[in-house]
Amino acid sequence: MSSSSYLTEGIHPPARTAHRLSVLAVCMVWPLIWVGGLVTTYDAGMAVPDWPGTYGYNLFLYPLDTWVLGPFDLFIEHGHRLLGAFVGLVAILIVIASLRHEPRSWVRALSVGLLLMVICQGLLGGMRVVLSDRTLAMVHGCVGPAFFSLCVAVSVITSRLWWRSLDGNILSIKLAKSHLFLAGVIFALSYTQILLGAKVRHVLPDALAAHFTLTVAMHITVGMLLWLLSVCAFVGFRRCGDLTLFRPVFALLLSVTLQMTLGIGTWVVNYGWPGILGTSFIRSIPGAAEYLIHAKGFWDSVIVTAHVAVGSLILAISTMLALRVIRTRHLLNQSTTTKSLPEAENAIVSASKAFS
Amino acid sequence: MRQAESDVADVMRALFGTPSEPAWPLEILPDIDLVNLESLRRAAGSVSSEKDGTHLGLFREHCVVCHGISGDGQGPASQFQLPYPRDFRAGVFKWKLTERSEKPRREDLRNVLIRGLPGTGMPSFSLLPGEDIDALVDYVIYLAVRGEVERRLLMGSVSVMGYGGEPLPAEERLVYKGDRDDAEIIVDTVQRVVQQWESAQDTVNAQAKTLSGPEDLDTSSSVERGRKWFHSKTANCVGCHGAEGDGGIETLDYDDWTKEYTTKLGISPEDQVALQPFRDLGAHKPRPILPRKLRGGTLRGGNDPERLFHLINHGIAGTPMPGVAIVEEGDGRGLSEDQVWDLVSFLRSLNGSE
Ligand code: HEM
């Protein structure tokens, strides 16, 4: 396999600033999701009842000491708003940078979409506070990961790797339609899983027990499916000949495995060991029969919030994987549709000459 | 039946408001010692918090996923739990220091909230501020009183007032207006339920208070004697909890909350078809209650000697776990006080708190 730095050597894609800013956005949004998850875990969403101000102050001018030294609820809720606002500023810069330097119109459109989305997300969060509405909180929780995924998408399609040319390294990659299919299904299921997770987390107080049970069953089933597909992808991409595809697949398998563990942990710290699994089963797990839930425990909330954040991370990785597979197959298709096989082989030879 | 439900619901709204906007019938119960109205307001309604960090809507924040809005124990996550979350409306509680048939004291409920119940879904809320716990206790009492009054009125309306057949004409329907006979039934029901709660608050459980364990509590000789009583015919703890308290006895029995819509109505808990109408109303699938494996286990109600004495004497309300009568001399009908203390020693030895 070839190393990715070799692959991208000598490529000078346009719009470097937009790319760097989108990477910055990715790095800011993941912490934002952590803080947002904490807000829900601590039910602090209504700690600041007004919006867009904080207790009448402008968002950026809220007194630092009251914020940092005040109640924990207020600390995380106001922090969440501040961080969100900074991500909004970065999104504005991305639009400016790509409008100036980005040649592809669809990418420029996407960057504008990114900005619109962060604005919507802010409005949703604000409306959730002003209307004190749990359903809006759930929608806000679903748009967050989607926005994260879009940030990843923008940084993938503006990356150096995207612009790599049709050379010998690419032509030696073996990517079947099934690879594309697998990456697509994993992406779709990752987001489905986030929607289901949000339904579990933001359950309405008057929801029917039977509905909740069904949602949980679906969340667990899709989780297991996702894990199986990650194993399939691990096997399938190992021999594809491209590290830039195999690495995300490996990260995916690791994070889905971690996520299943965190998922079980999240269940237990919220609802205890499910008694319906049977008394003898529970007694066979050390400590389970005596397990005591501690509401609002610190480590408990870290587990829950980590589960939420790793869910978004899985979506981000699967976004990256799907886009790279699409791109690589696109390059490969170009080569096979425009050239017959011997010609393609010639192309390999000449391309590798050109590089060496 | 529909008519009865909606008429009773109207009466309930007039008396107690709704679980989201609670009220207390001050005209019937002018002096309120039992609950604090301000607490009820804080615990009810949707979740929010104030600038100083005070949380509102406490019940929805902490309890509703399991116990449900009206406290019926049918909250969204309830199906996963065994035992099922408590249905407060029956007014029966397990972990208390009052007599088996009595209501719990505030302090009992408070202890459950703070300690939690290990091995069940019931969390410990020890990290919440004390005033939140107090407000939640008030609210649990409110839901329990409200639910029990509602259910008694429903039953009464069918058995006494003739609901359930043809729809009743307006003048025969249950209404809560000061100058009619119904009002008396209603006032009576409310007062009776509240009276039970209030009298339980005053029982300082004379026995548990004055009792303190004998000198030789927890000594090996006391444990040995306790082991003998545990396996004896009189106490017959072994019949349910197995030899040495090791469990493993599959008694096919159900708790009272389940029996209410099964065996008490002559329906077998396994008869899915007959149960369907109740299941459609949200009733849980009956699941047997198992006697606890006592050796090596954690006791849900705690290990305190006085509490264990009380437990052996009164059993656990709402469950098959019986109480043992305390008699002057062990004579086959019960155990003497000393024998119960020996049993306490034995129980404490089982989970390593000697
Ligand atoms: C790949 C697998 C999984 C992914 C991607 C995933 C993703 C998520 C996400 C994103 C949320 C939070 C949504 C929000 O806050 O808006 C969530 C919630 C939740 N998930 Fe998962 N999940 C997975 C597997 C599991 C498994 C196997 C379980 C085990 C039972 C589980 C249990 C839960 C629970 C209990 C919640 C609710 C947390 C709460 O109420 O605070 N998850 N999941």
Over 15 Å [Cα-Cα, segment B:155-196], rounded percent: 46
Mean separation of Cα contacts under 8 Å, 6 or more apart, over the residue count of segment B:2-202: relative contact order %: 24
Spherically averaged projected area of the protein assembly as shown from its Cα convex hull (nm²): 41.0
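Two-decimal Rg/Rh of segment A:13-165 from alpha-carbon positions, Kirkwood Rh?
1.03
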Value of D in µm² per second that Stokes-Einstein yields for chain B, Kirkwood Rh from Cα pairs, at 25 °C (0.890 mPa s): 110
DSSP-loop trypsin sites (Lys or Arg not before Pro) across segment A:219-307, with at most 10 other Cβ within 10 angstrom: A:Arg239
MRE, 222 nm, helices only [DSSP H, n ≥ 4, -39500 (n - 2.57), over chain B, to nearest 500]: -13000 deg cm²/dmol
Relative counts (whole %) of C-alpha pair distances in segment B:52-147, using bins that are 5 Å wide: 3, 13, 23, 28, 22, 8, 2, 0, 0
Linear extension gain, B:Asp202 paired with B:Ala9, 0.36 nm per residue minus alpha-carbon span: 66.3 nm
Options B:Ala77, B:Ala325, B:Ala283, ranked by Cα towards positive dipole end of chain B, top entry (Cβ charges): B:Ala77
Under 5 Å, built H, 5+ apart or other chain: amide partners of B:Ser48: B:Leu56, B:Gly57
For B:Asp255, residues with placed amide H under 5 Å, excluding near neighbours: B:Ile289
Förster radius 22 Å - calculated FRET efficiency between B:Leu37 and B:Glu184 (Cβ-Cβ, nearest 0.05): 0.30
For chain A, convex hull of alpha carbons as volume per residue, Å³: 159
Length-normalised contact order of segment A:39-191 in % [C-alpha pairs under 8 Å, at least 6 apart]: 19
Candidates A:Glu290, A:Glu77, A:Glu102: whichever shows maximal mean-square fluctuation once chain A is modelled as a Gaussian network with Cα springs under 10 Å: A:Glu290
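What FRET efficiency would be calculated for the residue pair A:Asp65, B:Thr54, taking the C-beta separation as r and a Förster radius of 30 Å, to the nearest 0.05?
0.90
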Count, lysine Cα pairs under 24 Å in chain B, 8 or more residues apart or across chains: 18
Among B:Ala235, B:Ala144, B:Ala43, residue whose mean-square fluctuation peaks in a GNM of chain B (springs only between Cα atoms under 10 Å): B:Ala235
Under the Karplus curve 6.51 cos²θ - 1.76 cosθ + 1.60, θ = phi - 60°, whole-Hz ³J(HN,Hα) for segment A:85-102, x wherever Gly or Pro sits: 5, 5, 4, x, 4, 4, 4, 4, 4, 4, 4, 4, 5, 6, 5, 7, 10, 7
3J(HN,Hα) from dihedral phi, segment B:219-232, Karplus parametrisation 6.51/-1.76/1.60, rounded to Hz, x for glycine, proline: 6, 5, 5, 5, 4, 4, 4, x, 4, 5, 5, 4, 8, 7
For B:Gly17, distant residues with modelled amide H under 5 Å away: B:Ala23
Of B:Val140, B:Val65, B:Val112, the one that fluctuates the most in a GNM where chain B has Cα springs shorter than 10 Å: B:Val65
Additional length obtainable on full extension of the chain from B:Leu252 to B:Ile326, 0.36 nm per residue less Cα span: 23.9 nm
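Which FRET efficiency value, to the nearest 0.05, is calculated for A:Leu116 and A:Phe181 with the Förster distance at 35 angstrom and r the Cβ-Cβ distance?
About 0.70, to the nearest 0.05.
Within chain A, what is the number of lysine pairs with alpha carbons under 21 Å apart, leaving out pairs fewer than eight places apart on the same chain?
On the way: A:Lys174/A:Lys339; A:Lys177/A:Lys339; A:Lys199/A:Lys296; A:Lys339/A:Lys353.
For chain A, qualifying lysine pairs total 4.
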Derived scalar couplings ³J(HN,Hα) [segment A:134-148; Karplus, 6.51 cos²θ - 1.76 cosθ + 1.60; whole Hz; x for Gly, Pro]: 6, 5, 4, 4, 5, 4, 4, x, 8, 6, x, x, 5, 5, 4
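Bear in mind that the values in this text are calculations on the coordinates, not laboratory data. All figures in this text were calculated on a predicted structure; none of them were measured in a lab. Neighbour counts are summed over all protein chains in view; Cβ atoms, including those assigned to glycine, are modelled from backbone coordinates with ideal geometry.
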